[in-house]
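Quick notes on the structure that follows.
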Number of protein chains: 2
Amino acid sequence: MDVTFLGTASAYPTPSRCVSCTAIRFTNKDSVWMFDCGEGSQIQLMKSNLKPGKISKIFITHLHGDHVFGLPGLLCTVSQNNQRSEPVEIYGPLGLRNYIRVSLGYSRSELGFNFVIHEMEPIKQQLPPDTWAVDTPTEAGVHPNEQPGSVIKCDERHVWTCLSDNSCTVEAVWIKHRVPSFAFIIKERDRPGRLEVEKLKSLGVPPGPMYGRIKAGETVTLPCGKEVGPQDVLGEPQKGLVVVVGGDSSDSSELLKVAQNADLLIHEATLENACHETCVERGHSTPKMTAELAKKLNVRQLIMTHFSQRYRPLSYDIKEGEQSVRTLLLEAQEILGDSVTCAEDLMTFTLTHETLTKLCR
Amino acid sequence: MDVTFLGTASAYPTPSRCVSCTAIRFTNKDSVWMFDCGEGSQIQLMKSNLKPGKISKIFITHLHGDHVFGLPGLLCTVSQNNQRSEPVEIYGPLGLRNYIRVSLGYSRSELGFNFVIHEMEPIKQQLPPDTWAVDTPTEAGVHPNEQPGSVIKCDERHVWTCLSDNSCTVEAVWIKHRVPSFAFIIKERDRPGRLEVEKLKSLGVPPGPMYGRIKAGETVTLPCGKEVGPQDVLGEPQKGLVVVVGGDSSDSSELLKVAQNADLLIHEATLENACHETCVERGHSTPKMTAELAKKLNVRQLIMTHFSQRYRPLSYDIKEGEQSVRTLLLEAQEILGDSVTCAEDLMTFTLTHETLTKLCR
Ligand SMILES: [Zn+2]
Ligand SMILES: [Zn+2]
Ligand SMILES: [Zn+2]
Ligand SMILES: [Zn+2]
């Protein structure tokens with residue numbers, strides 16, 4: 001699995017860093033999932049090695065502009081090189097449907113593919129107390145490429161199940177922010193181990209269709225009457241990876257109940273520890289807060305992102321008086337040592353069960 | 001007056017060229033007007049010398065994404081350095097109000113300044129025949145920073161008057177495109193000539209308040225009973241400049257009735273002459289079409305913009321097999337000679353009555 005950071009800044013984009021957008025490429029499925037889509041994401045996508053036509057799902061953590069204003073443009077541009085037959089599935093908080101309908105509707109943007117929007121219904125705890133009403137969508141505004149989607153409600157544990165198929169599940173929990181915000185937990189299912197051909201031979205299983213049936217989990221009966229099952233001839237199952245992609249948050253403790261021992265946590269760290277109060281007030285986390293969360297979750301690796309533009313990217317030469325993302329990294333390292341790193345625009349990480357390898361462009 | 005091109009591409013942005021956004025800086029008023037606001041405009045604005053806090057009016061030619069998807073983000077970012085007391089006035093086609101309300105509403109973007117939206121109501125000729133309905137805005141969705149705006153209807157000549165004050169008028173005419181699209185005609189009013197002090201003295205006008213009254217257009221009576229008026233002591237009036245900023249168009253002939261002898265025409269030229277049919281079908285112009293319009297209008301200068309991304313910017317080194325904006329420039333020059341040039345991202349032109357000077361960054 002490859003994780004590419006297309007935008008790693010909070011609040012607004014600048015020439016040196018774009019706003020939130022993270023892509024996960026599943027090498028085994030040949031598909032790309034996007035998480036958040038701030039303004040300029042489509043330009044970053046072009047600068048990356050990712051193929052826009054491979055985007056099959058888009059997840060929006062929350063509807064702040066730095067996470068969603070690039071979505072209509074991305075859909076339009078991806079559409080130009082993408083006559084995919086399967087719809088693109090889009091997940092996000094309630095309101096996303098109308099935002100997309102209105103943006104694509106008034107701009108009269110017909111797409112080359114269909115899409116489905118699944119809205120997560122927030123719970124009372126997530127709603128800001130004092131906001132103005134926004135127009136409610138009506139059926140009049142359905143986009144010609146829109147297929148019926150769903151409204152996802154949380155279960156009694158306060159977990160939203162976005163999808164669950166035979167390769168993975170995606171769940172969401174709410175995290176504390178100024179508007180309803182979510183963290184997504186992607187859990188790949190374990191895959192059966194490899195067929196150990198020597199064992200098959202020694203047990204007398206004839207090469208052919210039986211191999212496939214055993215691999216698929218079946219117990220087969222040999223001509224001699226002996227039964228052979230997966231446990232006899234399959235190696236260790238390949239554990240699925242667990243990755244968490246969080247939205248903006250000043251408290252992500254809901255993750256504790258569903259994301260223990262994750263392989264990778266991608267979480268914001270907007271301002272340094274010294275700005276704790278301002279940071280929390282604005283609904284954000286400091287490196288200390290994020291690193292402590294990672295420690296409690298016992299994650300293998302933490303990648304921090306969503307840095308205030310006041311911090312220059314790690315790879316820049318810092319001039320006198322300038323601040324760097326290094327400040328944030330050092331603060332998190334005090335708690336996590338080597339198991340934390342900072343994202344940078346257009347940086348790709350390859351995650352396996354053994355390693356997290358950074359590839360810079 | 002300075003004209004800065006922030007984005008000069010059609011359809012979608014790439015790392016080498018942003019989509020439509022043009023800024024006019026009025027040196028005498030110390031204010032900046034934006035025309036269109038494609039995705040990434042706010043990043044381009046940061047790269048320019050323009051001060052975001054000086055933006056007082058925004059004009060949107062039409063609601064296609066490459067002209068409007070950068071508007072919500074621009075408003076949010078400008079808001080951070082702009083606690084202006086006067087509202088920002090936004091002009092554009094019907095639908096703009098709801099697009100802004102929904103974008104800023106769901107993203108819960110409160111601004112540091114107020115804004116007013118004036119929508120231009122299109123006429124039947126502008127409406128595409130076969131489009132899906134988009135939600136109609138209700139009063140529920142009014143943004144907290146929104147002040148009451150207007151719906152501007154055209155007069156019997158099919159001219160929309162956006163504004164008219166003592167420094168200038170802005171009118172609009174419709175131009176042919178796939179969605180309602182407009183061209184804006186900015187006409188600065190003539191300013192009175194300078195007081196010629198020698199003449200004042202020889203006529204016996206005593207230095208003091210009378211100077212100002214004459215300059216303001218009044219005829220004054222001297223103690224001796226002689227009358228002295230502006231015509232006696234003022235130099236040549238300073239003619240106001242006339243600038244036309246067009247939206248996407250495959251036919252801008254409506255300009256012929258209001259924009260004769262303009263000082264500057266900014267008009268799209270999306271594809272080369274050889275692509276005439278495709279170009280017109282998509283609602284766009286070729287250099288030939290645009291240059292012929294400029295000739296009929298008898299404009300002093302034409303600046304072409306909105307080039308397909310297939311044409312690399314003028315200043316780039318073209319590799320084998322690549323096309324350049326130069327192709328488009330040469331085609332227009334065949335008709336207009338030296339009085340045409342091509343815009344490039346972040347290029348600024350200074351327009352006076354005598355010259356149009358290019359300043360590249
Ligand atoms: Zn954010
Ligand atoms: Zn946020
Ligand atoms: Zn356009
Ligand atoms: Zn257009």
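The values are calculated or read from the model by the stated rules, or taken from the named source; none is laboratory data. If you're wondering where the values come from, they're calculated on a predicted model, not measured in any experiment. So basically every Cβ, Gly included, is an ideal-geometry build from the backbone, and we count neighbours across all protein chains shown. Note: accessible area is taken over every heavy atom of the protein model, side chains too, but ligands, DNA and RNA are not part of it. Shrake-Rupley method; radii C 1.70, N 1.55, O 1.52, S 1.80 Å.
Am I reading the A/B interface right? What is its buried accessible area, both sides, 1.4 Å probe, to the nearest 100 Å²? Adding both sides of the contact gives about 4200 Å². Is the C-alpha gyration tensor of segment B:203-361 telling us rounded, prolate or oblate? Criteria: a/c under 1.5 is rounded; beyond that, a/b larger than b/c is prolate, otherwise oblate. Note, shape of segment B:203-361 comes out prolate.
Rounded to the nearest 0.05, what FRET efficiency do residue A:260 and residue A:136 have when you use their Cβ-Cβ distance and R0 = 41 Å?
Here the calculated transfer efficiency is 0.60.
Of all beta bridges that DSSP places with both ends in segment B:1-99, some 60 percent have antiparallel geometry. If you plug the beta carbon distance of residue B:322 and residue A:167 into 1/(1 + (r/R0)^6) with R0 = 56 Å, you get a FRET efficiency near 0.85.
Using θ = phi - 60° in the Karplus curve 6.51 cos²θ - 1.76 cosθ + 1.60, the 3J(HN,Hα) couplings for segment A:125-133 round to 4, 8, 7, x, x, 10, 10, 7, 6 Hz; x is entered for Gly and Pro. Across segment B:35-184, the convex hull enclosing all Cα atoms gives 126 Å³ per residue.
Of all the options B:134, B:244, B:88, the one that moves most in a Gaussian network model of chain B with Cα springs shorter than 10 angstrom is B:134. Segment B:177-204 and segment A:196-243 have Cα centres separated by 89 Å.
When restricted to Cα atoms, segment B:51-128 yields an Rg and a Dmax of 12.9, 41 Å, respectively. When every alpha-carbon pair in segment A:159-207 is counted, what percent end up more than 13 Å apart? That tail contains 69 percent of the Cα-Cα pairs.
Using the empirical formula 2.2 N^0.38 Å as the baseline, the Cα radius of gyration of segment B:178-236 reaches a ratio of 1.76. Identify, among A:241, A:220, B:335, the residue whose Cα sits farthest towards the positive end of the charge dipole of the protein assembly as shown, taking +1 on the Cβ of Lys and Arg and -1 on the Cβ of Asp and Glu, with the dipole about the Cα centre. Among A:241, A:220, B:335, the one farthest towards the positive end of the dipole of the protein assembly as shown is B:335. Segment B:19-73 and segment B:282-361 have Cα centres lying 20 Å from one another.
Computed from the alpha carbon atoms alone, the convex hull of chain A holds 170 Å³ per residue.
Each 10 Å bin from zero holds the following percent of Cα-Cα pairs in segment B:30-91: 23, 60, 17, 0.
Label separation (residue B:80 vs residue A:16): 1.3 nm, computed from points 7 Å beyond Cα along the C-beta direction.
Full extension of the segment from residue A:315 to residue A:202, taken as 0.36 nm per residue of separation minus the current Cα-Cα distance, would add 35.1 nm. Each label point was placed 7 Å from the Cα along the Cα-to-Cβ direction; for residue B:222 and residue B:127 their separation is 6.5 nm.
Per-residue ellipticity at 222 nm, computed for chain A from helices alone with -39500 (n - 2.57) per DSSP H run of at least four residues, works out to -6000 deg cm²/dmol. For segment B:85-105, a decrease in accessible area of 40 Å² or greater in the assembled protein chains relative to the isolated chain, with a 1.4 Å probe, applies to B:99, B:102. Built from the Cα atoms of the protein assembly as shown, the convex hull projects on average onto 41.0 nm², one quarter of its surface area. The same position residue B:278 in the other copies lies at 5.1 nm from this copy, comparing label points 7 Å beyond Cα toward the beta-carbon, shortest first. Taking chain A as a Gaussian network of alpha-carbon nodes connected by springs under 10 Å, the highest mean-square fluctuation of the residues A:318, A:55, A:100 belongs to A:318.
Projected onto planes of every orientation and averaged, the convex hull of the alpha-carbon atoms in segment B:120-243 covers 13.0 nm². Which residue fluctuates most in the GNM of chain A (Cα springs below 10 Å): A:17, A:194, A:300? In the Gaussian network model the winner is A:194. Computed from the C-beta positions of residue A:251 and residue A:213 and an R0 of 30 Å, the FRET efficiency is 0.05 to the nearest 0.05. Under 5 Å from the amide H of residue A:163 lie the amide H atoms of A:170, each residue being 5 or more positions distant or on a separate chain, with H modelled from the backbone and absent for Pro and chain starts. Between residue A:190 and residue A:275, the simple spin-label model (points 7 angstrom out along Cα→Cβ) gives 4.4 nm.
Calculate how many DSSP beta bridges within the protein assembly as shown are antiparallel, expressed in % of all such bridges and rounded to the nearest 5. In the protein assembly as shown, approximately 55 percent of DSSP beta bridges are antiparallel ones. Specify whether the C-alpha gyration tensor of segment A:1-118 places it in the rounded, prolate or oblate class, a ≥ b ≥ c being the square roots of the eigenvalues: rounded for a/c under 1.5, otherwise prolate if a/b is larger than b/c and oblate if not. Rounded is the answer for segment A:1-118, as its axis ratio a/c remains below 1.5.
Protection proxy ranking of B:328-334, A:5-11, B:276-282, by the mean of other Cβ atoms within 10 Å over each peptide's residues and highest first, is A:5-11, B:328-334, B:276-282. Sorted into 10 angstrom bins from 0, the C-alpha pair distances of segment B:238-294 split as 24, 51, 20, 4, 1 percent.
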